[in-house]
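The values are calculated or read from the model by the stated rules, or taken from the named source; none is laboratory data. Here the structure is a predicted model, which means the values were calculated and not measured. Every residue, glycine as well, gets a Cβ built from its backbone with ideal geometry; the counts of neighbours run over all protein chains shown.
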Amino acid sequence: MSRYSPVPFPDVRLEGQFWHERLETVLDRTVPSQHKKLAEVGILDSLKLPNPPPPLRFPRHANGFTVQVFWDSDVGKWIEAASYALAHRRNEDIEAKIEAAIDDLEKAQAPDGYLNCWYLGHEPENRWTNLRDNHEMYNAGHLLEGAIAYFRVTGRRRFLDVMERYLEHIYATFGTEPGKKRGYDGHEEIELALMKLYYLTGERKHLDFATYLINERGQQPPHYFDIEREAREGAEAKQRYVFANYEYSQSHKPVREQDKVVGHAVRAMYLYTAMADLAAELNDPALKRACEVLWDDVMETKMYVTAGLGPSAHNEGFTDDFDLPNQTAYAETCASVALIFWAQRMLHLDLDGKYADILELAMFNGALSGLSRDGEHYFYANPLESDGTPTRWEWHTCPCCTMNVSRLVASVGGYFLSTSEDGVAFHLYGGIGSTVEIGGTRVALKEVSNYPWSGDIRISLDPETPAAFDVKLRIPGWCHGATISVNGQAVEEKAEKGYVTIHRTWAKGDTIALDQPMPAERLYSHPGVIMNAGRVALKRGPLVYCIEEADNPGGRVQRLKIKRDAEVEVKTDPGLFDGVVTLKAPATAIDESEWSGLYRSKPPVERESSLTAIPYYLWANRGRGSMVVWIPEVV
């Protein structure tokens, strides 16, 4: 197991242009606008437990389910994202809004500690009767994460006290002891929240309950969800389980026996995140091995080139190996965000750069595409091809992705660095500053770069006194031919598991230069991904590119084909989105103007043309238009 631990995000200053711009947008626009939306749709009012409860904003589906059972989780995620924002810049108005929500939650809490505003306001007699579908523990988990974040940033523990009272109620209700329910939630989340609380408090009971939830999941016969269904005495006629098996909630078998990634993508990623946390904390080789097997299954058969996960809208998740359609890709923003959580935990199991590669890929592509440039529009699904129909939306009936992407951006500094007693590891680059402690010595660190547009990295180290320790530099998997020097002298160490380790006695003023060539490259799919046969994707550094109609006028971009031997030109466009790197290449274009009828025996006319590609995360920021990641290729 790795001895490295992440440097907390409040201790990392984002100074580079790329992430500083995204952070400022989230602080100034995203967090305030999200609070406004939470008020407009009635989520904040639901915390007040109005009596009688108002008519449902989102009526029950045919199976008896309404998304309003999730509303507590949306509040928890907003508080978490807003708290992360406060760590960068205090804001009295945002703090007052958080305190107002805490006021309502504290007043809503039942005398026995129970706190779920849906059940307290609508059906108090039915609490803890349907963990399979109605997500009481999931809601509790997100509220708990919000309470932890707010406490870490402000030192105020009122919300944390509320949640710890709720946890005592949960601990008294569930477990393997006589008289307790042996239940767990259909939507994993509380497991990873409990691990955060354990790290914060050091109290073993939180670790123990997280362990119980992981160990109990999938145990049968009988299956717990079957037990509670039978106990509902006919309620199943009103609320049927949509999915025919328990793979949807990863409860089809005990977690250590699972070797294929199945079901709902976000649920799976949250589960695996907690499993990796526990594997490290308990030094559990069987749990670690299960995580590694599941990771390989995702990487080898199920992940989009953008680090999107889950091709199907039907189950918001996984289907068959290599089933990765582009235009109908679901690839939920939440799933890519959760993949980042899992990748970070796996990285700290072994400090293997392959996990950091995926963390970075998801961060710059599958997750970041979910947030618009203006910070107030979103994608729930992230397709890799569009006819121009999809547009970014201001809100969603189930707004989970909105706060997931904002809490990621606001805490992104926490993914850059890790430390141990004898070293510091750089996982990401992009312009940061931090002061860390290594073996009792405080060391000021500064990384300067224009990443991801350039691979030229400069790092300065200023220890209080000269000290010997390791500096580990991640060499991304996409990088070939990186060079490193210390104080102008070349370093010859080779990368092991994606990291070059430089050990020496460091003194004030020492500098490291890491130069990573960043040419454009072509990517091809496994032949099993039949949707991409004869197609190629363009990538540069950590960024996947797409061609969008706004940069390629003249019709739908599906008319364009890139030439296999064409040189791809890398060009900075200072007038586009405050300056981005675009890719340009010769192409051919189908001429639709001379076509008539639906079919004909004569092939279409193709004319010489060119194409311009932009980073995928930026698509759909300039109105409607077609887009494609996988471009047809001609020899």
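Observations on the structure shown:
- Cβ-Cβ under 7 Å pairs, at least 6 apart or on other chains, region 263-282 side on the phi > 0 side of the Ramachandran plot, far side of a type outside the set (Val, Ile, Thr) and at pLDDT 95 or above: Gly263/Glu247; Gly263/Tyr248; Gly263/Ser249; Gly263/Gln250; Gly263/Gly317; Gly263/Phe318
- Of all residues in region 330-355 being assigned to a loop (DSSP other than H, G, I, E, B) and charged (D, E, K, R), the one that is nearest to Gly366 (Cα to Cα): Glu332
- Filtered by the rule that a residue be buried (at least 16 other Cβ atoms within 10 Å of the Cβ) and hydroxyl-bearing (Ser, Thr, Tyr), region 502-529 gives a lone residue, Ser525.
- Hey, Tyr166 modelled with pLDDT of 95 or more, part of a helix (DSSP H, G or I) and among the hydroxyl-bearing types (Ser, Thr, Tyr) or not: yes
- Within the set Glu95, Glu106, the sole residue that is in contact (Cβ under 8 Å) with a residue 40 or more places away in the chain and under 14 Å from Tyr166 (Cβ atoms) turns out to be Glu106.
- Matching option when the condition is assigned to a loop (DSSP other than H, G, I, E, B), of a type in the set (Lys, Arg) and either surrounded by fewer than 20 Cβ atoms within 10 Å (Cβ to Cβ) or within 25 Å of the chain's Cα centre (by Cα) (or both), among Arg156, Arg152, Arg132: Arg156
- Among the residues of region 453-495, those identified as over 28 Å from Val570 (Cα atoms), among the acidic types (Asp, Glu) and in a strand (DSSP E or B) are Asp462, Asp470.
- From the options His187, His142, residue that is touching a helix residue (DSSP H, G or I) at 6+ places or on another chain (Cβ under 8 Å), in contact (Cβ under 8 Å) with a residue 60 or more places away in the chain and not in a helix (DSSP H, G or I): His187
- Count of region 431-452 residues which are surrounded by 21 or more Cβ atoms within 10 Å (Cβ to Cβ) and either at pLDDT below 95 or under 30 Å from Glu569 (Cα atoms) (or both): 6
- No other residue among Val605, Val581 is more than 40 Å from the chain's Cα centre (by Cα), outside the structural domain of Ala331 (by TED's automatic domain parsing) and of a type in the set (Val, Ile, Thr) apart from Val605.
- Listed conditions (1) small (Gly, Ala, Ser); (2) free of Cβ contacts under 8 Å to residues at least 40 places away in the same chain; (3) surrounded by 17 or more Cβ atoms within 10 Å (Cβ to Cβ) are all met by Gly455, apart from (2).
- Residue selected from region 165-215 under the condition β-branched (Val, Ile, Thr) and out of contact with any Asp or Glu (no Cβ under 7 Å at 6 or more places or on another chain), by the criterion farthest from Asp226 (Cα to Cα): Thr201
- Check on Ala482, surrounded by fewer than 21 Cβ atoms within 10 Å (Cβ to Cβ), outside the structural domain of Glu300 (by TED's automatic domain parsing) and at negative phi: yes
- Some residue of region 589-600 being over 26 Å from Gly477 (Cα atoms) and among the polar types (S, T, N, Q): yes
- Candidate set: region 389-430, residues that are among the aromatic types (Phe, Trp, Tyr) and over 14 Å from the mean Cα position of the chain (by Cα); chosen: the one surrounded by the fewest Cβ atoms within 10 Å (Cβ to Cβ): Trp393
- In region 192-302, counting only helices (runs of 4 or more DSSP H) that sit wholly within it, the ones holding 3 or more residues that are more than 24 Å from the chain's Cα centre (by Cα) and in the same structural domain as His142 (by TED's automatic domain parsing) span 204-216, 224-231.
- Failed item in (1) over 18 Å from Leu361 (Cα atoms); (2) in contact (Cβ under 8 Å) with a residue 12 or more places away in the chain, with Arg522 passing the rest: (1)
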